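J.: I'd like to ask some things about the structure below.
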Amino acid sequence: MASALHPPAIKLVGSNGQISLGKQHAGRHVLVEEPEPGVWIVRTATVIPDNERWLHEPAAAAALQAAMVWSASHPPADADLDETLMRLGCD
């Protein structure tokens, strides 16, 4: 097991059930696990909204990467703009 960045600190759980991890962690989401009674593992976490989770799936990531590669070799152009807008119903 790797050594800790900071030595262990004693914290008091307040009457409201809260502990302070320090201002440097304010506003962060954390994942709290209790592998056994009295043992807590607290890790910082990034939360992905449900409606954006699909963007992190391999198929979506590959499709987005392919689109980025395509866009790099196909610069935008105004050619046929009127026709495109009409086809999209943007009169």
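The values are calculated or read from the model by the stated rules, or taken from the named source; none is laboratory data. Everything numeric in this text was worked out from a predicted model, so none of it was measured. Cβ: placed from backbone, ideal geometry, glycine included. Neighbour counts: every protein chain shown. The accessibility values were calculated without ligands, DNA or RNA, using every heavy atom of the protein model including side chains. Shrake-Rupley method; radii C 1.70, N 1.55, O 1.52, S 1.80 Å.
J.: State all residues of region 18-52 that are outside any strand (DSSP E or B), under 14 Å from the mean Cα position of the chain (by Cα) and among the aliphatic types (A, V, I, L, M); if no residue qualifies, say none.
T.: Scanning region 18-52 gives 47, 48.
J.: Listed residues 64, 55; which is part of a helix (DSSP H, G or I), of a type in the set (A, V, I, L, M) and closer than 30 Å to residue 25 by Cα?
T.: The conditions single out 55.
J.: Restricting to region 9-22, give me the number of residues that are β-branched (Val, Ile, Thr) and surrounded by 10 or more Cβ atoms within 10 Å (Cβ to Cβ).
T.: Selection size over region 9-22: 1.
J.: What are the residue pairs meeting all of these: first residue in region 23-37, first residue within 19 Å of residue 48 (Cα to Cα) and open to solvent by 100 Å² or more (accessible area, probe 1.4 Å), second residue assigned to a strand (DSSP E or B) and not charged (D, E, K, R), Cβ atoms under 9 Å, and 6 or more apart or on different chains?
T.: Pairs that qualify, where the first residue is within 19 Å of residue 48 (Cα to Cα) and open to solvent by 100 Å² or more (accessible area, probe 1.4 Å) and the partner is assigned to a strand (DSSP E or B) and not charged (D, E, K, R), are 28/44; 28/45; 29/44; 29/45.
J.: Exactly one condition in (1) touching a Lys or Arg at 6+ places or on another chain (Cβ under 6 Å); (2) assigned to a loop (DSSP other than H, G, I, E, B) is not met by residue 15; state its number.
T.: Among (1) touching a Lys or Arg at 6+ places or on another chain (Cβ under 6 Å); (2) assigned to a loop (DSSP other than H, G, I, E, B), residue 15 violates only (1).
J.: Between residues in region 77-91 that are of a type in the set (A, V, I, L, M) and residues that are outside any helix (DSSP H, G or I) and open to solvent by 100 Å² or more (accessible area, probe 1.4 Å), which pairs lie under 9 Å by C-beta distance while being six or more apart or on different chains?
T.: 85/91
J.: Right, here's the next one. Counting only residues that are loosely packed, with under 10 Cβ neighbours inside 10 Å and of a type in the set (Val, Ile, Thr), which one in region 42-68 is nearest to residue 22 (Cα to Cα)?
T.: Out of the qualifying residues, it is 46.
This table checks each residue for (1) of a type outside the set (Gly, Ala, Ser); (2) farther than 21 Å from residue 8 by Cα.
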{"position": "25", "(1), (2)": "yes, no"}
{"position": "31", "(1), (2)": "yes, no"}
{"position": "35", "(1), (2)": "yes, no"}
{"position": "38", "(1), (2)": "no, no"}
{"position": "47", "(1), (2)": "yes, yes"}
{"position": "52", "(1), (2)": "yes, yes"}
{"position": "56", "(1), (2)": "yes, yes"}
{"position": "60", "(1), (2)": "no, yes"}
